[in-house]
Amino acid sequence: MPEVMFQGPDGRLEARYHHAKQPGAPVALLLHPHPLHGGTMNNRVVYTLYGVFQRLGFSVMRVNLRGVGKSQGRYDGGVGELADAAGALDWMQAVNPSSGPVWVAGYQWGAWIGMQLLMRRPEVGGFISVAPPANHFDFGFLAPCPQSGLIVQGGRDEIVPEPAVGKLVAKLNTQKGIRIDYRVFDDCDHFFVEHCDRLEEAAEEHLTLALGRDDRLKLAAD
């Protein structure tokens, strides 16, 4: 997973990027938890999802948004970070001009950023959101939500309580043509310690069904 640096809206951004060998492979962008609480692209949940997309033949990136790791800039409350995410997607599409479906995945704060990106980029065809902070941030912009996707939540999450996420899911599922695949891990807290294997299985199952595949693509890595 080679390191890449590319120009973002407010300076250079650091990322890890895997390029699929298969022409026209789908692409995926992964977004980390809140930077003011230690969130980086090396978070275990983000790393787990990165591995799933890679194994399924995607060109996939996990990126440090502004002010995190080697990425330049300063925390901007989500506004600048959304622009960074859009810039990361631009970079991947430039490298993959004939890419297949585009996916966005995020954990916690990164899920909030990712779902905003979903609203702004019509080429995004699916999403995975883990513990979206529906009790801390307004998700009312998902009206209407443009795509179906997977939401995974811990039943024992004390930071993002499940009822708040369940309410968001119920609202999204009332929208025409939208189906949210909602997975609640009853004995899991906010950090998914010892539950990343279950997350991996859920993400792989959802992606395989969403992409209409009967089996996995060959591993695209060297």
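What is the distance, in nm, between label points placed 7 Å from the Cα along the Cα-to-Cβ direction at Glu201 and at Asp186?
In this crude label model, Glu201 to Asp186 measures out at 1.5 nm.
For the range 1-99, treating each Cα as an identical point scatterer without solvent, what Debye log10 I(q)/I(0) comes out at q = 0.20 1/Å?
-0.93
Lys and Arg at +1, Asp and Glu at -1: add these up for the other residues within a Cβ distance under 15 Å of Asp197 and post the number.
With Lys, Arg at +1 and Asp, Glu at -1, the neighbours total -2.
So how do 43-54, 138-149, 171-182 stack up, highest first, on mean other-Cβ count within 10 Å?
Result, highest mean Cβ count within 10 Å first: 43-54, 138-149, 171-182.
Per residue, how much accessible area does the chain have with a 1.4 Å probe, in Å²?
45
In whole angstrom, how long is each semi-axis of the equivalent ellipsoid of the chain, when you take the square root of 5 times every eigenvalue of its Cα gyration tensor and sort them from largest down?
24, 21, 17
At q = 0.19 Å⁻¹, what log₁₀ I(q)/I(0) does a Debye calculation on the Cα points of the range 80-167 give, no solvent, two decimals?
Per q value, in the given order, log10 I(q)/I(0) is -0.84.
Rounded to two decimals, what is the ratio between the C-alpha radius of gyration of the range 12-70 and 2.2 N^0.38 Å?
Against the compact-globule rule of thumb, the ratio is 1.14.
Counting only protein heavy atoms and a 1.4 Å probe, tell me what percentage of the range 105-194's accessible area is made up of carbon and sulfur.
Of all accessible area on the range 105-194, carbon and sulfur atoms account for 51 percent.
The values are calculated or read from the model by the stated rules, or taken from the named source; none is laboratory data. If you're wondering where the values come from, they're calculated on a predicted model, not measured in any experiment. Positions of Cβ are backbone-derived with ideal geometry, glycine not excepted, and every protein chain shown enters the neighbour counts. Ligands, DNA and RNA are excluded from the accessible area calculation, which covers all protein heavy atoms including side chains. Shrake-Rupley method; radii C 1.70, N 1.55, O 1.52, S 1.80 Å.
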